[in-house]
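S.K.: Sharing a structure here in structure tokens format.
What follows is calculated from the coordinates using simple rules that are stated; it is not laboratory data. Small disclaimer: the values here were computed from a predicted structure and weren't measured. Every residue, glycine among them, receives a Cβ derived from its backbone with ideal geometry; neighbour counts consider all protein chains shown.
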Amino acid sequence: MQYEVLNKGAFAMLRLKLEQGERVKAESGAMVSMSTSLELKGTTDGGIMRGLGRMLSGESFFFQEVNAMRGGGELTLAPKTLGDIEAVQLDGSYTLLVQKDGFLAGTDGIEVSTKMQNLSRGLFSGEGFFVVEVRGRGTVFLSSFGAIHEVKLGPGEEIVIDNGHLVAWPSTMAYSIEKSSKGWVSSWKSGEMLVCRFRGEGTILIQSRNPGAFGNWIQRFIPTSSS
């Protein structure tokens, strides 16, 4: 399947060229346009329980499935937020963990489910108790809030990342949640509070903007009713 990311940056779209017999699944509502030879339907992709699991992680209950059973055609998709799109090739050797709202689409052979985090990660990571798991063989297309940047770590190397800037990381990487500074007061003053410490080897995808911080900034300009 051929693909191209259009308008890379804040307003990216994904263009896919499907050959006859190919199919792709995408998040609900992602379709922008498609050739009349393509067919679109809604699916839970794995049944009701898997759909409920995706809802708990912040994703949609249903997927869109687009197939080219009647002939090849072109499909364009767009994410809900302002940001970039990144293609990741999976060979089946590892699982990719993805932040909520990070999954845009996947080719045939890609499976999307959820994973429950432990208590401390669920409470403090900012992602909740469930994260999205993507596995299989094929291409997964991820969306972000802002631009996407790769952080590559060698064996034993470490990096600290604000959890609001995480997009995706391989399940083989060790990570922990910790204070951004030595003490809680100092962490609060820094504006960061809790962060994620990753240990390599592996590649982490981060986004240039933090949705939570952006939401707090927007609230400053929303008029509030006075009592």
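S.K.: Once you've got the Cα coordinates, tell me which of 17/41; 80/152; 80/100 are over 23 Å apart. If you can, show how the numbers build up before the last one.
M.R.: Values: 17/41 18 Å; 80/152 27 Å; 80/100 12 Å.
In this structure, 80/152 exceed 23 Å between Cα atoms.
S.K.: Straight-line reach from residue 8: which aspartates and glutamates fall under 17 Å, measuring Cα to Cα and dropping same-chain residues less than 8 apart?
M.R.: Result set, ordered by chain and number: 84, 86, 150.
S.K.: Compare the peptides 13-21, 106-114 by average per-residue count of other Cβ atoms within 10 angstrom and give them in order, highest first.
M.R.: On the way: 13-21: 17.0, 106-114: 19.7.
Top of the packing list down: 106-114, 13-21.
S.K.: According to a simple spin-label model (label point 7 Å from Cα along Cα-to-Cβ), what is the distance in nm between residue 82 and residue 10?
M.R.: Reported label-point gap for residue 10 and residue 82 is 0.4 nm.
S.K.: Which FRET efficiency, nearest 0.05, do residue 91 and residue 217 yield, Cβ-Cβ r, R0 45 Å?
M.R.: Values: r = 40 Å, r/R0 = 0.88.
In this case the efficiency is close to 0.70.
S.K.: Something else: With each pseudo-label sitting 7 Å past Cα toward Cβ, what's the residue 44-residue 171 distance in nm, one decimal?
M.R.: 2.2
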